[in-house]
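Student: Let me begin by handing over the structure; questions about it come next.
The values are calculated or read from the model by the stated rules, or taken from the named source; none is laboratory data. Not measured: the values here are computed from a predicted model. As a convention, Cβ positions derive from the backbone with ideal geometry for all residues, glycine included, and neighbour counts pool all protein chains shown.
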Amino acid sequence: MASQSHRRQVILFLAAILLPCVALVALGLRLVVQERELAASRLEDEQRRVTRQLQQELSSELERAALREATSLAARPELLQAWTYDDSLVVLVARHAEGQLILPWEQNEASGASRTLLGEGTFGELIRQGERAEFVAADFSGAVNSYRQALELAQQPVQEVHARHLLARALTKAGSQEDAEREYRRVAAAPPDVVDENGIPVSLYAVRQLLEAGQADTLISEYLQSVLDANRWPAPPALYLLRDLAGWLVEGASDDGVRTAAESLAREVSGRLARTEQCLALKAEFPGLGLRAPDATSTYGENTWIPFGMPAWFVGAAPVGYGEQGVVVAVRSESVLASLEASTIASGNIDGKIELTTGPAPFGEPLGANFPGIFVTFIPVDGESYTEVASIRWWFYSVGFLLVLGVTLFGAYLLWRDIRREVQLAETRSRFVSAVSHELKTPLTAIRMFAETLHEGGPVDSGTQGEYLETIVNESERLTRLLNNVLDFSRIERGKKTYRREFQSLEEIVRLTARTMRYPLEQKRFALRLEIEEGMPPARVDRDAIEQAILNLLANAMKYSGESRDIELRLRSEDGEAVIEVADRGIGIEPAEEPRIFERFYRVSSPENDRIPGTGLGLTLVQHIVQAHDGRITVKSTPGMGSIFSLFIPLNGDEA
């Protein structure tokens, strides 16, 4: 009765403790779930509000920039070809018509008029006459006279500059270097808006000639800088030529000041080229962007702005056009987004951090349909989320303690398991070192014994001497095979083992391997029976690797043959694969051990095996070699009756 009463009191006590605890835990979990749902709802509302605010401010900022540039363009049409704009954030203002973007340098009428002006009237005839004298008749003096006459008739700047350039070239060929250099410098000083039909300033051609003549001075740097200072958008060919000329000036400048100016020029040209190439990419993809200016029914802020390129630009259609054509404006996105983030946070209307990106971001939400590809991330700071549940925190502290204890115990178990694994690995390595030492000692002992016998010069006939030398060579080969196994395993462990696969005759490889093992087999009185299928096609293999695999299998067959002295080496084809088999009639392998014999350092533990030296690497290397050749290895073994190892290698396979 006392025992039953005591048991009843224990049960009641546990019930009085456990039931309230369970109830409190359940209530606490319920409160946590509700609080999380409420916090998530608040976060969503806050995020929607901030997203609308950001969308409106970003749209307003971009629309103002676009409207400002479009208005300026209406008053000053020359801005279509300008490099800089009224708004420093704007990187491109261009027309578009019929779904095609018209870039600034494509609107340069001077390049179109250049071809006409250079070929018209008496001026054009004199130019052609001079070119015939220069290139056909090699009459350089006649060419100089024709170009001088054309220069006297020149009425337009492009005609004058072009005639001087041709005159300088002819003077160079005529041997008048000083006159040629003087004319080239006059051409180099020409205004940058004097361009040829490709939009390239003619002055750049003269600068190139001067640089090739070794004239890398301050004036040359100033000529190049004037092209960039013109505030006109150079054509891409002009920028590429300008980049090359700046590079030549850096290499050829002997004055530090000239070199510094040239390096600064080269950096500026690289920046302009990057911007120009992004414009070309925008032109190529523009038809697929689907941009259009807002029509009369659109409300303010409904224009679509698309992020494009790297660094990203906001590209959109201006609210007003240019004549019958629309206007596209591109704005630097990084500066706009950074300014918008700072102003939104500084307003004090939100708590936390916001981030705008022109690409998918973790926890990011799309900014809106008018800004495809733009994401906003908002992480609020809600310090009062859990104040209402402070009374139940200690329950969660207890749960946390139990979790920490559980994790600690689990970590201790993992640590114990790792230590045990390291101890086992250390034992395995120790056995491996011992096995390798033993394997190395045997051939080294034989080599040293026979070498010392020969060195002492005792009465040894030629036949015995040849036998000694053959023993030394074969033991050296055995030592080399052992070291190759260890080195190959090291490469495999480091992932640096490679195979050079070429079409090879497997029949030749098998026969060569059999000859290599002839001496070790004869020394231990083994009989190797060779069976080779004739007429087998070649296989794409690494010859040395396949030979090494066969040698390892033959060496294993010798070690584990027991009292038997018969080994078979067979080569045949089967279902598009070459099959190399090594069979012995030795001690065999237990079925339970077969899955593990290919593991590194693993050796079957048995009294017979403990007396047989080995490293446990041979079969590991064989498996790696065969798998690297897209093949496989199988084993069939019966304890006490021997084993058959089969290598399957694809015939005429693709190179791995």
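Student: Of LEU219, LEU239, LEU210, LEU245, which residue is among the aliphatic types (A, V, I, L, M), part of a helix (DSSP H, G or I) and touching a Ser or Thr at 6+ places or on another chain (Cβ under 7 Å)?
Tutor: Answer to the check: LEU239.
Student: Which residue pairs have Cβ atoms under 8 Å apart, sit 6 or more places apart or on different chains, and have a first residue in segment 521-543 that is without any contact (Cβ under 8 Å) to a residue 60 or more places away in the chain and a second that is surrounded by fewer than 17 Cβ atoms within 10 Å (Cβ to Cβ) and in a loop (DSSP other than H, G, I, E, B)?
Tutor: LYS524/ARG565; ARG525/ARG565; PHE526/ARG565; ALA527/ARG565
Student: Please determine, by comparing only the residues of segment 245-302 that are in contact with a Gly (Cβ under 8 Å, 6 or more places away or on another chain) and closer than 15 Å to GLY316 by Cβ, which one is modelled with the lowest pLDDT.
Tutor: ALA293
Student: What are the residues in segment 519-564 that are assigned to a loop (DSSP other than H, G, I, E, B), touching a strand residue (DSSP E or B) at 6+ places or on another chain (Cβ under 6 Å) and modelled with pLDDT of 85 or more, if any?
Tutor: The answer is PHE526, GLU533, MET536, PRO538.
Student: Check THR122, THR84 and return the single one that is within 47 Å of the chain's Cα centre (by Cα) and either at pLDDT 75 or above or part of a loop (DSSP other than H, G, I, E, B) (or both).
Tutor: THR84
Student: Taking the condition touching a Lys or Arg at 6+ places or on another chain (Cβ under 6 Å), within 15 Å of PHE648 (Cα to Cα) and surrounded by fewer than 15 Cβ atoms within 10 Å (Cβ to Cβ), does GLU574 pass?
Tutor: No, not satisfied.
Student: Continuing with this model, one more query. Determine whether segment 178-190 contains at least one residue that is loosely packed, with under 15 Cβ neighbours inside 10 Å and at pLDDT below 85.
Tutor: Looking for residues that are loosely packed, with under 15 Cβ neighbours inside 10 Å and at pLDDT below 85, one finds none in segment 178-190, hence no.
Student: I would also like to ask the following. State the number of residues belonging to segment 65-86 that are under 13 Å from VAL329 (Cα atoms) and without any contact (Cβ under 8 Å) to a residue 60 or more places away in the chain.
Tutor: Total satisfying the criteria: 5.
Student: Yes or no: segment 88-101 includes at least one residue that is among the basic types (Lys, Arg) and free of Cβ contacts under 8 Å to residues at least 40 places away in the same chain.
Tutor: no
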